[in-house]
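Input: a single structure, listed below in structure tokens.
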Amino acid sequence: MRDKKHIGVLALQGAVQPHKPHIEALGAEFRAVKTPAQFAEVDGFILPGGESTTMLKLIDRFDLWDVLADEFSKKPVWGICAGSILMAETVLNPTQKSFGLLPMTVERNGYGRQVDSHHCAVDGYEVSLIRAPVIKNLDPSVEVLARHENDPIWVKKGQFMASTFHPEMSLVFPSPMHKAFIDLNA
Ligand code: GLN
């Protein structure tokens, strides 16, 4: 058992580096990870926001699907926006492959286009919804931690957490969501 948690942010594409100050403010170590050897060394994964289709292409191209699925079965995972899409059981608009870690359906770009991106407050903390998915058909076994306009935007089940918003863009460290994720790793 080491003294510091090592949190791996999947670094194939998307908003990776902005997580560093949040993770370090919690006394954990930030790791940008993209190889099986790096995956094996971390205690939990953040699947960052970005473009889920691009991430899927890179996962396939580098043949990372099976090793990631195996890692996710053993460690806490937090998917943010595109990352939450990768975690869903079913993806709509259009349908695409996903790891099925959380029993929910997500509709990609469910709030509209880039211009419809906006900020909102969750637990008094400013977060960003950037071409975010909308969570639909959430299984009752999944706990809803926050809603926006009535839709769940932050959910958790067991070692898995997903948020359709980005908290890492706010410059107040750490965000309550990073704290909740580190607590999941406890
Ligand atoms: N619209 C992106 C997708 O479908 C997600 C956007 C984001 O991660 N901010 O993958």
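Values quoted throughout were computed directly from the atomic coordinates according to the rules given, and no laboratory measurement underlies them. Computed from a prediction, not measured in an experiment: that's the story for all the values here. Positions of Cβ are generated from backbone atoms using ideal geometry, with glycine treated the same way; all protein chains shown enter the neighbour counts.
Observations
- Placing +1 on the Cβ of every Lys and Arg and -1 on the Cβ of every Asp and Glu, with no other charges, gives the stretch 1-107 a dipole of roughly 200 debye about its Cα centre.
- The residue among ILE59, GLY44, PHE30 whose Cα reaches farthest toward the positive pole of the charge dipole of the stretch 20-89, with charges on the beta-carbon of Lys, Arg, Asp and Glu, is PHE30.
- Length-normalised contact order of the chain in % [C-alpha pairs under 8 Å, at least 6 apart]: 19
- Candidate lysines - alpha carbon under 19 Å from LYS5, same-chain residues fewer than 8 apart omitted: LYS20, LYS34, LYS74, LYS75, LYS179
- Farthest towards the positive end of the charge dipole of the chain, among the residues LEU86, PRO174, ALA162, is the Cα of LEU86, using unit charges on the Cβ of Lys, Arg, Asp and Glu.
- Each Lys or Arg adds one and each Asp or Glu subtracts one; over the other residues with Cβ under 15 Å from the Cβ of PRO48, this totals +2.
- For the stretch 76-186, the share of alpha carbon pairs falling in successive 10 Å distance bins from zero is 15, 51, 31, 3 percent.
- D (Stokes-Einstein, µm²/s), Kirkwood Cα radius, the chain, 1.306 mPa s at 10 °C: 98
- Highest-first arrangement of 28-37, 77-86, 165-174, where packing means the average Cβ count within 10 Å: 77-86, 165-174, 28-37
- Take each peptide in 136-142, 49-55, count the other Cβ atoms within 10 Å of every residue, and average; sorted highest first, the result is 49-55, 136-142.
- Here the stretch 12-65 is treated as an ellipsoid with the same Cα gyration tensor; its semi-axes, largest first and in whole Å, are 21, 14, 7.
- Computed over the stretch 76-148, relative contact order equals 26 percent, with contacts defined as Cα pairs under 8 Å that lie 6+ residues apart.
- Basic side chains Lys and Arg get +1 at the Cβ, acidic Asp and Glu get -1 at the Cβ, and with that the dipole of the chain about its Cα centre reaches some 180 debye.
- Taking the inverse of the mean reciprocal distance over all distinct Cα pairs, the Kirkwood hydrodynamic radius of the stretch 91-146 comes to 12.7 Å.
- Centre separation in Å (Cα based) which lies between the stretch 75-89 and the stretch 1-57: 12
- Measuring nothing but how far apart in sequence close Cα pairs (under 8 Å, 6+ apart) lie, relative to its length, the stretch 1-79 scores a relative contact order of 36 percent.
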